[in-house]
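Undergrad: Have a look at this one before I ask anything.
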Amino acid sequence: MKSCIRWPTVALSQFVCLKLWCSELGSLAMMMIRSVIRSCSFFVSMLLFVLSISDLLVKIHGHGFGINYGQIANNLPLPSQVAVLIKSLNVSRIKLYDADPNVLVAFSESNVEFVIGLGNEYLENMTNPSKAQTWIQQHVQPYFSQTKITCITVGNEVFNSNDTQLMLNLLPAMQTVHDALVNLGLDQQVTVTTAHSFNTLSNSYPPSTGAFREDLVQYIKPLLDFHAQINSPFLINAYPFFTYKDNPNMIPLNYVLFQPNQGTVDPNTNLHYDNMLYAQIDAVYAAIKQMGHDDIQVRISETGWPSNGDPEEIGATPQNAALYNGNLLKRIEQKQGTPAKPLVPIDIYVFALFNEDLKPGPASERNYGLYYPNGNPVYNIELKGYLPQMPMAAKSNILSVNFFVCIVTSFIFALELSRW
């Protein structure tokens with residue numbers, strides 16, 4: 001009878017102790033989970049820090065290497081993920097075609113320099129001083145203290161269109177945007193320019209005879225004067241692929257891919273060219289000089305090679321794309337200049353970071369990316385990039401801890417029951 005009275009007392013005591021122990025274990029589990037959540041939210045910052053110190057141990061690609069970050073797609077990673085990828089590639093310059101606030105915020109404190117864009121549809125409004133200043137106040141000033149915005153491109157390949165009014169609006173829009181930057185005290189940090197198609201040239205071979213199209217001279221001459229006045233670069237989109245595609249039987253493939261070849265000699269200067277891109281750059285310099293200027297730097301705002309294309313787009317293969325971009329990056333790393341400007345390192349933005357599945361036009365337009373949207377390289381050119389899967393990683397970590405806590409709790413609970 002005595003033992004029968006004592007057993008419930010002991011059991012009750014053990015039950016109370018077990019309840020208290022489970023409560024403590026639950027609190028401990030919640031502390032662990034909260035810690036994991038905090039760690040996951042801190043993941044990107046820590047990864048960027050690790051990557052920054054690891055830069056000393058990684059082969060550097062990209063003195064002068066910029067990249068175009070286009071977003072005409074429905075399957076691209078988040079800008080916060082792209083920020084990690086860019087850091088892992090050691091790319092220090094990005095060119096956008098807009099002023100996407102999500103991208104600018106994602107790259108806060110990243111030390112990556114940004115070229116942001118005003119599309120052609122904005123040109124008419126940008127000729128209005130009030131609208132130009134409002135645009136800068138809304139799209140530049142809010143991010144300027146945290147993200148390095150160094151340039152605004154006003155329009156893109158305007159002279160490649162047949163829109164006369166668009167051409168007439170280009171220079172006034174550029175001038176008005178620059179004046180707005182002056183009024184806001186930003187003109188020393190942010191310059192103004194526009195990007196041109198290589199088709200603005202009527203002649204490019206030999207390079208020393210480069211010349212702008214006669215119908216465009218009336219627009220380009222005052223534009224060059226403006227560039228010289230504010231010391232901003234002349235941007236050109238140059239694609240040797242287009243020239244090769246249209247004349248594959250006339251142009252040696254090795255010449256356009258930076259591969260060993262006999263090259264060509266400019267008969268007027270005796271300068272030797274071993275690749276087409278350098279010849280195109282010097283042709284632009286020659287065309288600018290014909291307009292009375294030798295004080296304007298030429299930069300390549302776009303160049304690249306597609307990894308795929310339609311059947312008639314000869315040369316659009318992963319092998320050729322890897323050779324073109326891989327060899328180009330090596331020359332950029334060597335700080336090479338062109339034959340006519342040997343002391344001026346080539347300044348280039350590669351097109352593009354990702355394949356963009358919604359771009360219109362031939363298949364090649366959707367296959368210029370160095371990377372697929374999932375972060376896998378389209379081809380190997382020794383760029384060691386890393387695209388984090390942050391949402392999945394955070395969820396996985398939390399689930400793993402939950403599972404671990406449940407297993408441990410069940411094991412200890414079973415052990416205690418066996419002792420009763």
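FYI, it's all coordinate maths here, none of it is from the lab. Keep in mind the model is a prediction, meaning the values are calculated, not measured. Note that we place each Cβ from the backbone using ideal geometry, even for glycine, and neighbour counts take in every protein chain shown.
Undergrad: Between beta-carbons, use under 14 Å as the cut-off and find the net charge around residue 353, counting Lys and Arg +1, Asp and Glu -1.
TA: Numbers: positive: 87, 93, 95, 359, 366; negative: 100, 302, 356, 357.
Net charge around residue 353: +1.
Undergrad: A follow-up question, please. For region 172-184, just list the computed ³J(HN,Hα) in residue order, Karplus coefficients 6.51, -1.76 and 1.60, θ = phi - 60°, integers in Hz, with x standing in for Gly and Pro.
TA: x, 5, 4, 5, 5, 5, 5, 4, 5, 4, 4, 4, 8
Undergrad: Also, quick follow-up: Among the aspartates and glutamates, which fall within straight-line cross-link reach of residue 245, defined as a Cα-Cα distance under 16 Å, with same-chain neighbours fewer than 8 residues apart omitted?
TA: Partners within reach: 310, 312, 313, 365.
Undergrad: Cβ under 13 Å from residue 123's Cβ, residue 123 left aside: what net charge do those residues give with Lys, Arg +1 and Asp, Glu -1? It would help to have the intermediate numbers written out before the result.
TA: Working: positive: 131; negative: 121, 124, 157, 163.
Here the count lands on -3.
Undergrad: Give the Kirkwood hydrodynamic radius (Å, one decimal) of region 204-329, defined as one over the mean of 1/r across all pairs of different Cα atoms.
TA: So the Kirkwood estimate lands at 15.7 Å.
Undergrad: Enumerate the calculated ³J(HN,Hα) couplings along region 344-356 in order (Karplus 6.51 cos²θ - 1.76 cosθ + 1.60, θ = phi - 60°), each rounded to whole Hz, writing x wherever the residue is Gly or Pro.
TA: My calculation for region 344-356 gives 10, x, 4, 10, 9, 10, 6, 10, 8, 5, 10, 5, 10 Hz in order.
Undergrad: Quick one: which residues, 5+ away or cross-chain, put their amide H under 5 Å from the amide H of residue 194? H built at 1.01 Å from N.
TA: 154, 235
Undergrad: Give me the three principal axis extents of region 167-277 from the C-alpha atoms, as integers in angstrom, largest value leading.
TA: In descending order, the Cα extents are 53, 30, 28 Å.
Undergrad: List the residues of region 287-306 whose backbone N lies under 20 Å from a point placed 7 Å from the Cα of residue 182 along the Cα-to-Cβ direction.
TA: In region 287-306, the label zone of residue 182 (backbone N under 20 Å from the point 7 Å along Cα→Cβ) covers 296.
Undergrad: List the chymotrypsin sites (Phe, Trp or Tyr not before Pro) in region 95-127 that DSSP assigns to loop (not H, G, I, E or B) and whose Cβ has at most 10 other Cβ atoms within 10 Å. Which are they? Walk me through the numbers before you get to the answer.
TA: Working: sites: 97, 107, 114, 122; in loops: 97, 107.
Taking region 95-127 and a limit of 10 other Cβ atoms within 10 Å, no loop chymotrypsin sites (Phe, Trp or Tyr not before Pro) are found.
Undergrad: Further question on the same structure: Calculate the translational D of region 61-371 in whole µm² s⁻¹ from Stokes-Einstein, where the hydrodynamic radius comes from the Kirkwood formula applied to all Cα pairs, the temperature is 25 °C and the viscosity 0.890 mPa s.
TA: Numbers: Rh = 20.0 Å.
It diffuses with D of about 123 µm²/s by this estimate.
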